[in-house]
DNA sequence: CCTACCGATCGGTAGG
DNA sequence: CCTACCGATCGGTAGG
């Protein structure tokens with residue numbers, strides 16, 4: 001049930017994005033999709049506006065009709081991906097009761113967002129490695145913090161309730177999120193296991209631990 | 001004791017690299033260090049040979065006296081980092097007795113390699129995202145596989161011995177390695193926690209699990 | 001949206 | 001290692 005709720009939320013948000021566009025904005029959406037794919041494959045500085053224009057079969061100058069410059073195009077992809085992730089995951093987690101269930105829904109919904117917007121995720125993941133500040137970077141960092149703090153809060157709640165061991169919530173959250181972020185390095189969307197199925201395994205491993213008898217740990 | 005062994009192995013390898021160079025190769029080493037830092041900060045396509053030459057206070061053309069081209073310079077950094085990692089970690093793990101101890105030494109030694117060669121690690125981590133094949137990429141993938149299979153073998157051994165739960169060794173290995181790989185996103189070498197200390201926490205979390213009573217999992 | 005163009009910068013080379 | 005240079009490509013703009 002939690003899965004259905006999450007899935008519904010993801011779909012709704014996608015449709016909203018589509019429905020909010022009108023007329024010639026279809027073209028802008030198409031340009032964003034092409035840019036998304038190229039950025040995810042070649043990175044920001046490895047993708048030229050000529051590459052994007054060529055795949056869209058327009059001139060490079062025409063890109064400047066839709067976007068003020070290269071960075072704005074990239075920023076739009078990153079911020080919209082992050083915004084959708086935070087909103088969708090937060091909403092889905094509200095329907096879970098226990099901390100353990102909240103962690104599971106958080107991870108499952110994240111996996112669904114990843115699956116649905118894989119290229120945007122990958123493009124975003126290498127964003128803002130630069131040291132320079134910008135309003136877009138500040139906003140992205142804030143969204144990322146909000147997202148991570150949501151998970152840490154669930155872990156903290158679980159510890160307080162005695163359901164989780166007394167680990168560092170930030171560290172435990174990093175273990176969980178790192179496992180999802182690592183997926184883009186090896187997981188194929190055309191493989192046997194869907195992203196949510198993989199993440200389910202990750203969560204089971206981290207929740208249950210690797211040791212058969214944790215008490216007997218050296 | 002396992003920690004001391006691993007640390008010694010790391011040091012030895014570094015000295016070998018340094019000792020193997022002679023005369024004007026000091027310059028080459030300096031160029032590699034500068035390139036390493038810039039690649040880690042700006043990525044491959046975001047770093048120009050002019051940037052590197054400028055920081056080294058030589059002309060760009062002089063770089064071609066030391067390296068055949070930009071890609072060879074990058075490739076050297078990536079392959080040497082990976083080679084040192086595999087060799088050091090493999091050797092360190094031989095001195096561990098149980099599967100659990102082997103996993104711990106694997107992770108601890110990896111953390112020490114990361115700490116000692118942070119920029120090389122970061123530069124390498126985004127390498128070969130491209131789809132094109134090359135002898136260097138093939139070699140890097142082989143080294144990476146060797147490294148990952150080492151950890152998976154330890155996990156498999158632990159499961160066979162009944163010390164670990166019957167999880168998928170590949171998935172469990174990914175959880176452990178992803179946590180280390182994620183460090184470059186947030187961990188500061190000037191922070192309170194050293195890389196090995198952080199990884200110690202990661203390992204404790206994954207080995208022991210998040211749940212207080214795993215049997216009571218929903 | 002296009003044509004036509006800009007200065008800046010890219011990786012790389014000739015010749016010493 | 002340097003001077004001096006190359007063609008190609010970069011993001012971006014003027015003017016329509």
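Over the Cα atoms of chain B, compute the convex hull volume and normalise it per residue, giving Å³.
Roughly 151 Å³ of hull volume per residue.
Working from Cα positions, state the angle (0 to 90°, nearest 10) between the long axis of helix A:25-42 and the longest principal axis of chain A.
60
Could you work out the relative contact order of chain B, using alpha carbon pairs under 8 angstrom and six or more residues apart, expressed as a whole percent?
23
Mind giving me the nanometre distance, one decimal, between the label points for residue B:79 and residue B:97, set 7 Å out from Cα along Cα→Cβ?
4.1
Quick one: Cα centre-to-centre distance for the stretch A:39-69 and the stretch B:80-147, in angstrom?
So the separation of the two Cα centres works out to 36 Å.
Taking the 0 to 90 degree range and rounding to the nearest ten, how far is the long axis of helix B:135-160 tilted relative to the main principal axis of chain B, both from C-alpha atoms?
20
So for B:138, B:88, fewest C-beta neighbours within 10 Å to most, what's the order?
So the residues, fewest neighbours to most, are B:138, B:88.
For label points placed 7 Å from Cα toward Cβ, what is the shortest-first list of nm distances from residue B:83 to its copies?
Distances between equivalent label points, in nm: 4.9.
Would you please state the base-10 log of I(q)/I(0) at q = 0.05, 0.12 1/Å for the protein assembly as shown, with intensities from the Debye formula using one equal scatterer on every alpha carbon?
Log10 I(q)/I(0), no solvent term: -0.19, -1.10.
Ignore the peptide's own chain and count Cβ atoms of other chains within 10 Å of each Cβ in B:38-48; give me the average, rounded.
The per-residue average across the peptide is 3.
Assuming R0 = 35 Å, can you tell me the calculated FRET efficiency for the pair residue A:134 and residue B:57, based on Cβ-Cβ distance, to the nearest 0.05?
The value I calculate is 0.70.
To test your reading of the geometry: what angle, between 0 and 90 degrees and rounded to tens, separates the Cα axis of helix B:70-93 from the longest principal axis of chain B?
So the inclination is approximately 30 degrees.
Between residue A:69 and residue A:170, take the C-beta separation as r, use R0 = 35 Å, and let me know the FRET efficiency to the nearest 0.05.
Step by step, r from the Cβ atoms, then E = 0.45.
In nm, give the distance between the simple-model label positions of residue A:125 and residue B:87, each being 7 Å from the Cα along the Cα-to-Cβ direction.
Calculated label separation equals 3.0 nm.
Values in this text are rule-based calculations from the coordinates and carry no lab data. These figures come from a predicted structure and were not determined experimentally. Positions of Cβ are generated from backbone atoms using ideal geometry, with glycine treated the same way; all protein chains shown enter the neighbour counts.
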